[in-house]
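This report refers to the structure that appears directly beneath it.
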Amino acid sequence: MHSSISSFERVIPALPWRRLALLAAGLVLAAAAAWEVRVRAWGYAPCLNDTPDLWADWREKVRPDSIVVIGDSRALFDTDLDALEQGLGRRPLQLAMAGTCAYPVLENLANDEQFHGTVISSLIPLMWLAPPPSPPYQNSLDALKRYQTRTVAQRASHHLGMFLEEHLAFLKQEDLTLEQLLKHVPVPGRPGFHGPPELPPYFQVIARDRRTRMAEAAARPGPLQDHVKGAWLPLFTPPPPPSYVPPEAFARGMGEAIEQRFADTAAAVKKIQARGGRVIFVRFPHTGALKAHEDKLTPRAGPWDRIIRESGAAGIYYSDYPELASFDCPEMSHLSGPDSVEFTRRLVPHLRAALAK
Amino acid sequence: MRVKADPIASPGRFHAVLFNSLTFVVFFVVVVGAYWALPSWAARKNLLLVASYIFYGAWNPPFALLLFATTALDYYLGARIARAATPGSRRAWMIASCTSNLGMLGFFKYGNFLLDNTQWLLARAGVTYVPPHLDVFLPVGISFYTFHSLSYTLDVYRGVCQPTRSLRDFTLAVSFFPQLVAGPIVRAADFLPQLVTAPSLRAGQFGWGLMLMTLGMFEKVVLADTMLAGAADAVFGYGGPLPALDAWAGVLAFAGQIFFDFAGYSTCAIGAALTLGFHLKDNFRFPYAAIGFSDFWRRWHISLSTFLRDFVYFPLGGNRSGPARAALNLMIVMFIGGLWHGAAWTFVVWGLIHGVFLVVERGLKALAGEAAWTRTFPVQLLMAAGTFAVVCLAWVFFRATSFTNAWHLIGAMAGLAPRGDALLASREILQVALVTAGLIIAHWNLRDTSIEAVVARLPAALVVTLWTLMLGAIVLTQGNGHAFIYFQF
């Protein structure tokens, strides 16, 4: 029979563990404080990370008649929630996400039988038509999955994390994690290696309601703005076909996926409209070489016009209206914080007109 | 045949409270603080029990009821086994326990796998059968807590431990939060005696427990998730031709990732238990320095291998009925060991590869005997390298989402696609190489000792430096919140 007292005891190394623990804790705190000072000197400031958890917080708040902003980073940076609330009479919920294809979010709202509200969606054709499992599409799925499956423990970690992020500048998941820092280790390149395009660095400030503004350092000429600017053209260039798929087969597959997206988009919009809801697509300002690049790859008469025509949704193309077309994007893709407020004010009458139709 | 899902690449849906989360930090501080503040041993046990169910229920509260039901049934069956008047009735109650535990495990974990395979077999016989897809959610850690609980009735049956009279104690033994969802598989016979009297902390026990938790966390979030997971995911997820360099880098990355992930969890569990006054046995002993496969299984997931040895291999007859029967018994054990990890034939093949090499090794040992040349350093080194290479090869089947995926990768490792796509950056290959080299060197140098013995010999200043560096690196990862791979098992 087993003894009533366990015979197994682990060995404890004979060291002054209490003193060592206190010393290690003190050193880590000192190192963290030094790192905090360093990253603040680089221009970082405490602010939230835009995580799937933060997005899920706001997806949960969607009510049947809510006004919801979805889309990519242009909807996130360029719409001001206060100005929209003033103009539309209700505060919208910000569900746009940087670097995403918003179609899965539109589909999610369309499949929500209760939802009959208003969707204001940014539409960058290159992002909207991104097929699975491309990163823009996957990013949206990740956020939706978090919304659908997150646990009590994950919620608790998220709320604790937000508290820390609002006080510590070094908690920047885009730039300052160990994984990101390792990417800066100078290692010679490898022949034949073509990695994914580099993402832009941290250049925004996001609040708990996900109102996002471009960081001031990115809005003025300087190294940060140059860095962000340099990221767009590679990111907005479709990747080459995989080496192991014949180009014709790849082109055919992509063509089919894009056709399917047109059809799915129209179906999702009609589902929302059938319940009395509204969908308004907005093309937000973009400038310089990026505008030329997008216009070349996806001219307005292509995907934009087709989606508007086939879906029956309202469309607001910024360049159709002088008061919307007069803004400059400091880093070619987004408006500065102050301009985003003014832009939204000028956008409101067009939104109201679209809703009145 | 359905391709197995790939939760290893994104194990995000398997969340109780994660050790590597801010929630766990707060949970642990509150529980440990309250635990040591309570004067009564009974109150402390009640606290641990409630905390353990909160830990588990934070994932999916209804499944905490399933956990309790399993536990309560085995508590009852353990008592019936002990009270049974005849060997036949003892055996019947033991079989009832096995049936209920394995039946529940089978339903949740293997239901769809069985239906799919039935469909496939019937199709071979020309019968068209479309099975319903069971839309069941796999309870996190079910394979672990089922074995925790089952070990109790089996040990009572074997006479290794007496049944406990306290349902509370048994419920705590099964659900003790440090080891609840990803092991080690702590036998009730090892844990229940520790619940008899209040533990007292020996000098340094609390601090050493915290040190082990730091080490385990470092292994998980820094080495497994940050340094290796990216390369492993990229290589196993790639459908195109790969040069041998990338294929080997991906497989070595996974070999390191799964060790650091699982051993990291076990180390955290051992450390957390120590801070509460409990002693859990080692689950890993530097397995990548194993010389041969029997040595590997004495070092890798020790709590599972001893469970299978005691409750499957020995009851089948072990090696008492001649070499052929022993070989068959080994293959059966490794088949079960493979299947325990998941409902897919690739896991079974992984287990059978180990089974075959265990059998071959026994045969070679019988031929070579205890010859002196087998113990020379070069031969030992060669055998260790060979063992590691085959273990890595077997990991391909463990990690691959399908046999096509596995053969594709093995072909690439053999150099069948020399002009394949350079998938990994130099930096990623360098990371994998450095971590793998460090891992193997550390295991080789520590293979005949223990972490405690090594740390005891280190100067205090070096220990503080290493501890600080590990904590600093953990902070720098910013809590990516990746679940542990073994949560899914």
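The residues of the stretch B:155-188 that are without any contact (Cβ under 8 Å) to a residue 40 or more places away in the chain, over 23 Å from B:Asp282 (Cα atoms) and within 10 Å of another protein chain (Cβ to nearest Cβ) amount to a single one, B:Gly159.
Of the residues making up the stretch A:104-146, just one is among the polar types (S, T, N, Q), open to solvent by 40 Å² or more (accessible area, probe 1.4 Å) and touching a helix residue (DSSP H, G or I) at 6+ places or on another chain (Cβ under 8 Å), namely A:Asn111. Among the numbered conditions (1) assigned to a loop (DSSP other than H, G, I, E, B); (2) more than 7 Å from chain A (Cβ to nearest Cβ); (3) open to solvent by 30 Å² or more (accessible area, probe 1.4 Å); (4) not aromatic (Phe, Trp, Tyr), the only one that B:Gly420 does not meet is (3). Restricted to the stretch B:356-374, and to residues there that are charged (D, E, K, R) and at pLDDT 80 or above, the residue that is farthest from B:Ile332 (Cα to Cα) is B:Lys365.
Between B:Ala389, B:Ala384, the distinction of being over 23 Å from B:Pro243 (Cα atoms) and in a helix (DSSP H, G or I) belongs to B:Ala384 only.
From the list A:Thr212, A:Thr177, the one residue that fits, being among the β-branched types (Val, Ile, Thr), surrounded by 14 or more Cβ atoms within 10 Å (Cβ to Cβ) and within 14 Å of chain B (Cβ to nearest Cβ), is A:Thr177. Residues in the stretch A:180-206 that are among the β-branched types (Val, Ile, Thr) and under 17 Å from the mean Cα position of the chain (by Cα) were compared, and the one that is nearest to the other protein chains (Cβ to nearest Cβ) is A:Ile206. Residue pairs whose Cβ atoms lie under 6 Å apart, separated by 6 or more positions or on different chains, with the first residue in the stretch B:101-124 and surrounded by 13 or more Cβ atoms within 10 Å (Cβ to Cβ) and the second of a type in the set (Lys, Arg), are B:Asp116/B:Arg2. Quick check: is even one residue across the stretch B:237-247 of a type in the set (Phe, Trp, Tyr), farther than 30 Å from B:Leu22 by Cα and either within 12 Å of chain A (Cβ to nearest Cβ) or in a helix (DSSP H, G or I) (or both)? Taking every residue of the stretch B:237-247 in turn, at least one turns out to be of a type in the set (Phe, Trp, Tyr), farther than 30 Å from B:Leu22 by Cα and either within 12 Å of chain A (Cβ to nearest Cβ) or in a helix (DSSP H, G or I) (or both).
Taking the criterion of being without any contact (Cβ under 8 Å) to a residue 60 or more places away in the chain and within 30 Å of A:Leu15 (Cβ to Cβ), would at least one residue in the stretch B:225-234 satisfy it? Checking the stretch B:225-234: not a single residue is without any contact (Cβ under 8 Å) to a residue 60 or more places away in the chain and within 30 Å of A:Leu15 (Cβ to Cβ).
When the stretch B:282-308 is filtered for residues that are assigned to a loop (DSSP other than H, G, I, E, B), within 14 Å of chain A (Cβ to nearest Cβ) and touching a Pro at 6+ places or on another chain (Cβ under 7 Å), only B:Asn283 remains. Looking only at the stretch B:313-332, residues that are open to solvent by less than 30 Å² (accessible area, probe 1.4 Å) and part of a helix (DSSP H, G or I) come to 5 in all. Of all the listed residues (B:Thr99, B:Thr146, B:Thr128), the sole one being under 30 Å from A:Arg10 (Cα atoms), of a type outside the set (A, V, I, L, M, F, W, C) and more than 14 Å from chain A (Cβ to nearest Cβ) is B:Thr146. Restricting attention to the stretch B:178-194, does a residue exist that is crowded, with 22+ Cβ neighbours inside 10 Å, of a type in the set (Lys, Arg) and assigned to a loop (DSSP other than H, G, I, E, B)? Within the stretch B:178-194, one or more residues are crowded, with 22+ Cβ neighbours inside 10 Å, of a type in the set (Lys, Arg) and assigned to a loop (DSSP other than H, G, I, E, B).
Suppose the filter is small (Gly, Ala, Ser), in contact with a Lys or Arg (Cβ under 9 Å, 6 or more places away or on another chain) and crowded, with 16+ Cβ neighbours inside 10 Å; does B:Ala400 pass it? Against the criterion (small (Gly, Ala, Ser), in contact with a Lys or Arg (Cβ under 9 Å, 6 or more places away or on another chain) and crowded, with 16+ Cβ neighbours inside 10 Å), B:Ala400 qualifies. Among the residues examined, B:Ala244 does not qualify as in contact (Cβ under 8 Å) with a residue 24 or more places away in the chain, touching a Leu at 6+ places or on another chain (Cβ under 7 Å) and not charged (D, E, K, R).
Screening A:Thr149 with (1) under 30 Å from A:Glu85 (Cβ atoms); (2) within 7 Å of chain B (Cβ to nearest Cβ); (3) open to solvent by 60 Å² or more (accessible area, probe 1.4 Å) gives one miss only, at (1).
So for the stretch B:265-276 (the condition being open to solvent by 20 Å² or more (accessible area, probe 1.4 Å), outside any loop (DSSP other than H, G, I, E, B) and either over 30 Å from A:Pro241 (Cα atoms) or in contact with a Phe, Trp or Tyr (Cβ under 8 Å, 6 or more places away or on another chain) (or both)), does at least one residue qualify? Taking every residue of the stretch B:265-276 in turn, at least one turns out to be open to solvent by 20 Å² or more (accessible area, probe 1.4 Å), outside any loop (DSSP other than H, G, I, E, B) and either over 30 Å from A:Pro241 (Cα atoms) or in contact with a Phe, Trp or Tyr (Cβ under 8 Å, 6 or more places away or on another chain) (or both).
Residues in the stretch B:423-470 that are part of a loop (DSSP other than H, G, I, E, B) and not basic (Lys, Arg): 8 in all.
The single condition from (1) charged (D, E, K, R); (2) away from chain B (no Cβ under 13 Å); (3) closer than 30 Å to B:Ile429 by Cβ that A:Glu166 fails is (3). Take the conditions (1) modelled with pLDDT of 95 or more; (2) open to solvent by 40 Å² or more (accessible area, probe 1.4 Å); B:Leu49 misses just one of them, which is (2).
Looking across A:Ile12, A:Ile67, one residue alone is touching a strand residue (DSSP E or B) at 6+ places or on another chain (Cβ under 8 Å), among the β-branched types (Val, Ile, Thr) and buried (at least 16 other Cβ atoms within 10 Å of the Cβ). It is A:Ile67.
Taking the residues in the stretch B:109-158 that are of a type in the set (Phe, Trp, Tyr) and under 27 Å from B:Pro184 (Cβ atoms) as candidates, determine which candidate is modelled with the lowest pLDDT. So, considering only residues that are of a type in the set (Phe, Trp, Tyr) and under 27 Å from B:Pro184 (Cβ atoms), the one modelled with the lowest pLDDT is B:Phe137. I'd like to check something: does the stretch A:80-87 contain any residue that is away from chain B (no Cβ under 14 Å), within 17 Å of the chain's Cα centre (by Cα), touching a residue at least 40 places away in the same chain (Cβ under 8 Å) and on the phi < 0 side of the Ramachandran plot? Scanning the stretch A:80-87, I find at least one residue that is away from chain B (no Cβ under 14 Å), within 17 Å of the chain's Cα centre (by Cα), touching a residue at least 40 places away in the same chain (Cβ under 8 Å) and on the phi < 0 side of the Ramachandran plot, so the answer is yes.
Residues are listed down the side, and each one gets a yes or a no for (1) more than 27 Å from B:Trp340 (Cβ to Cβ); (2) within 14 Å of another protein chain (Cβ to nearest Cβ); (3) buried (at least 16 other Cβ atoms within 10 Å of the Cβ); (4) of a type in the set (S, T, N, Q):
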| residue | (1), (2), (3), (4) |
| --- | --- |
| B:Val396 | no, no, yes, no |
| B:Asn405 | no, yes, yes, yes |
| B:Met413 | no, no, yes, no |
| B:Val475 | yes, yes, yes, no |
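Could you pull out every one of the helices (runs of 4 or more DSSP H) wholly within the stretch B:15-87 that has 3 or more residues that are of a type in the set (Phe, Trp, Tyr), within 14 Å of another protein chain (Cβ to nearest Cβ) and under 17 Å from A:Thr151 (Cα atoms)? Because the criterion is at least 3 residues that are of a type in the set (Phe, Trp, Tyr), within 14 Å of another protein chain (Cβ to nearest Cβ) and under 17 Å from A:Thr151 (Cα atoms), the helices (runs of 4 or more DSSP H) in the stretch B:15-87 that meet it are B:41-57.
This table checks each residue for (1) in a helix (DSSP H, G or I); (2) open to solvent by less than 50 Å² (accessible area, probe 1.4 Å).
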position: A:Trp304; (1), (2): yes, yes
position: A:Glu310; (1), (2): yes, no
position: A:Ile316; (1), (2): no, yes
position: A:Leu324; (1), (2): yes, yes
position: A:Asp328; (1), (2): no, no
position: A:Leu347; (1), (2): yes, yes
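If you check A:Ala156, A:Ala110, A:Ala96, A:Ala56 for being within 14 Å of another protein chain (Cβ to nearest Cβ) and either modelled with pLDDT of 95 or more or at positive phi (or both), only one passes: A:Ala56.
The values are calculated or read from the model by the stated rules, or taken from the named source; none is laboratory data. Since the structure is predicted, the reported quantities are computational estimates derived from the model, not experimental observations. Note that we place each Cβ from the backbone using ideal geometry, even for glycine, and neighbour counts take in every protein chain shown. The accessibility values were calculated without ligands, DNA or RNA, using every heavy atom of the protein model including side chains. Shrake-Rupley method; radii C 1.70, N 1.55, O 1.52, S 1.80 Å.
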